[in-house]
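Read through the structure below, which is laid out as structure tokens, and then see the notes.
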Amino acid sequence: MGLMDELIENIVKHADYRYNARKEELRNQLESKGLKVYFTHELTSCKKKSEFRNRYPELQRKLMHKPPLLLGEIVQKGVKAYLPRDVEEERIFYKVLGNTAIIGTPDFYSQSRRSVYELKFTRRRPKLYEHHRLRACVYKWLSGAEHAYLLYCSPRGFREYEVNDEFCDSGLKSLMDKWSSPMWEWECKLCVYRTICDRFNIFSEYEDRNYKNRNS
């Protein structure tokens, strides 16, 4: 195995622990208490994608070898090295409402600054995306923070956005009622599971009809 292969495997192992193993441990603990468990990243993205992640973990592991995710991990690791002492990485927060537990892991949290931070790496010019905004709002609610920020790192610039939208207990029910497949119109085109998903075919046909109607 060459050095590059070793580096990639080490990054993937670290990402697998961050995204999967550590969180699944908490999921299992809460489910053993009879709770229905949802992660913030699941509720703010396609519902069927969440089901496919659990059903086909091998596809999720293949996804981790893709360059954009590897680069994102490298950026995350690099930023961590320069964090101020009062900012900690990936603290897990959760709330239990009735028989439902919601778990969230913001990239960074500072108790002294009363803030949560989400770090995003993009190759495009940095701008605020709605699904990032929604996720940051949920993290703010889960952590009890007063402020939420989105930090975008790109070869084309760096931007920081404060997200002031409020989220509350009643907002969770609304979010779960809206949880659908897809949650955002662009998800199907970028989804690693699209070749095995019936929703992708339905959505593609719908998009084709709309395109033909707009251009007829």
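Read-outs throughout are calculated quantities, based only on the coordinates presented, and are distinct from any laboratory measurement. Note that the coordinates shown come from a computational prediction; the quantities given were computed from them, not determined experimentally. Here the Cβ is made from the backbone with ideal geometry for all residues, glycine too, and neighbour counts use every protein chain on show.
Here are the numbers for the structure shown:
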| quantity | calculated |
| --- | --- |
| Cβ-defined net charge surrounding residue 116, 12 Å radius [Lys, Arg +1; Asp, Glu -1] | -2 |
| Sequence-separation-based contact order of segment 1-158, relative, with Cα cut under 8 Å and 6+ spacing, percent | 21 percent |
| Highest to lowest packing among 5-15, 186-196, scored as the average C-beta count within 10 Å | 186-196, 5-15 |
| Listed values (1) 50; (2) 46; (3) 40, entry calculated as percent of Cα pairs over 24 Å apart | (1) |
| Estimated distance in nm for a label pair at residue 196 and residue 99, the labels positioned 7 Å out from Cα along Cα-to-Cβ | 3.0 nm |
| Pairs from 13/36; 47/189; 23/140 whose Cα-Cα separation, in the structure shown, is over 24 Å | 13/36 |
| Protection proxy ranking, peptides 157-170, 62-75, average beta carbon neighbours within 10 Å, highest first | 62-75, 157-170 |
| Peptides ranked, highest mean first, by Cβ atoms within 10 Å: ranges 126-134, 24-32, 146-154 | 146-154, 126-134, 24-32 |
| Furthest towards positive pole of dipole, 70, 144, 126, structure part segment 3-180, Cβ charges | 126 |
| Net dipole in debye of the chain [+1 Lys, Arg Cβ; -1 Asp, Glu Cβ; about Cα centre; nearest 20] | 400 debye |
